[in-house]
Amino acid sequence: MPEPLRIPADAWRDHLAHDPDAFAGLFAAAGPDGAPEVRAVLVGDAVRIVATPAVDGVVPSVVDLLPAADWDEREATDLYGVRFAGHEPHRALVHHPDDRALWATPVEGRDVHRVPVGPIHAGIIESGHFLFHVVGERVLHVDARLFHKHRGLERAAEGRSPDAALRVLSRACAGCAVTNAVAFCAAVEDAEGRAPDEAVRRYRTLLIELERIWNHLNDVAQICAGVGLTPGTMAFAELKERAQRVCAALTGHRFMFDAVTLAGAPADPGEAARRDAAAEVTDIAAEAAATARQLLFDTSLRDRTTGPGVVDAPTARSLGVVGPAARAAGLAADSRTAATHLWYPEFAPALPPTPHGDVSARLEARWVELNQSAAIAMALLGEPIGPGAVHAADEGDGHGVGIAESPRGRTVCTVELAAGAVRRVHLRTGSYANWPAVALAATRAILPDFPLVNKSFELCYACVDR
Amino acid sequence: MYVLLTNLARMRRRIGLTRQPPASCAIRHVDAGSCNGCEHELIAAGGPRYDLARYGFAITASPRHADVLLVTGPITTRMLEPLRRAYASMPEPRLVAALGDCPLGGGVTAHPHEVAGPLDAVLPVDIRIPGCPPSPDRIAEALREGLAGLPRERRPW
């Protein structure tokens, strides 16, 4: 990929407002002369990076034009000291000041009170803090204060070789381990002008779809847990366990850690292993469908899931919502349609039957996508899936973007290589794109429905916090 | 729903888990910056396939009645204070277990400014459960071995 198109600060807002391609995140980086700049990723027929310098540390904010840039700008301020003119008041996102006025939205009025929850939660849940502003049970606003798990992984990866950086970033998140690794590898390969051969594309696609299968099974289990329907939780937990055993049989690891490498794809596991895996995936998909039919007749599940947590199509579009949450709102958006570095022949996004954008639609989206992913996995397991290599072209430095569809949506990894090392890496996962929508969806719910609304997105904290 | 419950009961009989004489141990889990892998495996350990409850282990919602504080992650600076508060809220005698390679000092390569770990540097660690992440059956086994290896007056029963 060529150098980013560098735009003067006074033309930055105009450029992003009128660019026909979709905004896919922005971040701060050191420009060619070492001075700070802000880079945005735009996704259309091609993927581009545009950049503007931070003049005296300030860049014009685009948050009024592109609400999806809200968290990106706040993160760039907290971690890189870049300020955004017009993004006022700046509320801390990654940093955790004691003074509530510095990070939370003031919500005033008769009978308004606040309910703080977390960062430690009641069950086995990732750490994160939520401040609910409520009247009675009705939620008026939610301030999500995440980044309790911030490990500085991007900065820890920088300065290392691409292989070493991959090892750092591959521990960002267990739920998206494969997707994040594929997005990073694709970004490095884009920067180096290299292309994976068909065997590598097939291997990586298989692993991404297996990851989606176990995640979606887990998400359905969690939604059942959100309404207290233990038989549903346990049935889908058992199916998730079986799916993870398929992952372990094929890659030697239940979360497929370190299975995706820059080198390519390992040797084919053999016809017998592929046949066993395909049979088990078929059986899991069939049993998930049969169990889903059982759940369909459970009135308590239907009562609780129909209605709450609506994110409609215009909101989803404006907030840049991705993945099953976008498709549950009726947007036929799926980065797999354009994933030429992977293997998705004749792919079409699968929408749930009633895409109303509520908890029920997001539950249905998982069921539809489970079948789709199982079909893709079975097709891939029908033929040898390795060995494969990534062909060298010019081994150069430069910029690259890698995109992969995680179980939670489009994950965008941007890499800058200099002298064979990673100069800057930015990982914007599907969870990162969707968290603001969770907070918004919860504002129309009652407080006791928040866990359910939250679980219907089932976003990671780990790869958002990094 | 009837079919669903019957299937679950059948699965439990088929895998033939051994049952243990009753004991009890309350565990409070705290995520101090994990990748969520240890959480997935801990949830699985409590699920139908591994059934942590058959050994008397229960995951509690509060540190106030917990016997064991089970910590995951490399101890991020932002989780240090909540972790210390959870430990301070526990009644004596109390135990601390490190779940996964991260709290043991291996695991993720974090930026040094963002972590206060390993767990040893923050709290006294009694039980170590290595793995990235440890498998659900290994979690149950390591908890039982770890508790059995403690002097009698430090055990929760």
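Considering A:353, A:324, the condition of being over 19 Å from residue A:378 (Cβ atoms) and either under 17 Å from the mean Cα position of the chain (by Cα) or assigned to a helix (DSSP H, G or I) (or both) is satisfied by A:324 alone.
Condition check for residue A:191 on (1) over 27 Å from residue A:222 (Cβ atoms); (2) modelled with pLDDT of 95 or more; (3) in contact with a Leu (Cβ under 9 Å, 6 or more places away or on another chain): one failure, at (2). A count restricted to region A:227-263 and to residues that are within 21 Å of residue A:406 (Cβ to Cβ), in contact (Cβ under 8 Å) with a residue 60 or more places away in the chain and more than 9 Å from every other protein chain (Cβ to nearest Cβ) stands at 6.
Considering only strands (runs of 3 or more DSSP E) fully contained in region A:358-447, which possess at least 3 residues that are under 26 Å from residue A:67 (Cβ atoms)?
In region A:358-447, the matching strands (runs of 3 or more DSSP E) lie at A:398-406, A:409-418, A:421-428.
Please indicate, with yes or no, whether at least one residue in region A:119-130 is touching a strand residue (DSSP E or B) at 6+ places or on another chain (Cβ under 8 Å), within 12 Å of chain B (Cβ to nearest Cβ) and of a type in the set (Ser, Thr, Tyr). Let's see the steps before the verdict.
We begin by selecting, within region A:119-130, every residue touching a strand residue (DSSP E or B) at 6+ places or on another chain (Cβ under 8 Å); these are A:119-120, A:123-130.
Filter again for within 12 Å of chain B (Cβ to nearest Cβ), leaving A:119-120, A:123-129.
Right, trim to of a type in the set (Ser, Thr, Tyr) and you get A:127.
So far as region A:119-130 goes, yes, one or more of its residues are touching a strand residue (DSSP E or B) at 6+ places or on another chain (Cβ under 8 Å), within 12 Å of chain B (Cβ to nearest Cβ) and of a type in the set (Ser, Thr, Tyr).
Only residues that are under 26 Å from residue B:72 (Cα atoms), surrounded by fewer than 13 Cβ atoms within 10 Å (Cβ to Cβ) and aliphatic (A, V, I, L, M): list them for region A:88-121, please. Within region A:88-121, no residue meets the criteria. Of all residues in region A:272-285, those that are in the same structural domain as residue A:366 (by TED's automatic domain parsing) and of a type in the set (Ser, Thr, Tyr) have Cβ atoms under 8 Å from Cβ atoms of residues that are assigned to a helix (DSSP H, G or I) and buried (at least 16 other Cβ atoms within 10 Å of the Cβ), 6 or more apart or on another chain, in A:282/A:374; A:282/A:378. Here residue B:28 does not qualify as over 14 Å from the mean Cα position of the chain (by Cα) and either modelled with pLDDT of 85 or more or within 12 Å of chain A (Cβ to nearest Cβ) (or both).
The criterion of being part of a helix (DSSP H, G or I) and not acidic (Asp, Glu) holds for residue A:286. Considering (1) within 14 Å of another protein chain (Cβ to nearest Cβ); (2) more than 17 Å from residue A:304 (Cα to Cα); (3) of a type outside the set (Lys, Arg), the lone condition that residue A:413 does not fulfil carries the number (1). Taken together, the residues in region B:89-127 that are small (Gly, Ala, Ser) and within 13 Å of chain A (Cβ to nearest Cβ) amount to 7. State all residues of region A:280-311 that are surrounded by 13 or more Cβ atoms within 10 Å (Cβ to Cβ), more than 12 Å from chain B (Cβ to nearest Cβ) and of a type in the set (Asp, Glu); if no residue qualifies, say none. Selection gives A:280, A:283.
Take the conditions within 13 Å of the chain's Cα centre (by Cα), more than 10 Å from chain A (Cβ to nearest Cβ) and within 24 Å of residue A:241 (Cβ to Cβ) and apply them to residue B:66. Does it pass? Spelling it out, it is not the case that residue B:66 is within 13 Å of the chain's Cα centre (by Cα), more than 10 Å from chain A (Cβ to nearest Cβ) and within 24 Å of residue A:241 (Cβ to Cβ).
The values are calculated or read from the model by the stated rules, or taken from the named source; none is laboratory data. The structure displayed is predicted, hence computed values, not measured ones. Note: ideal-geometry Cβ built from the backbone for every residue, glycine included; neighbour counts use all protein chains shown.
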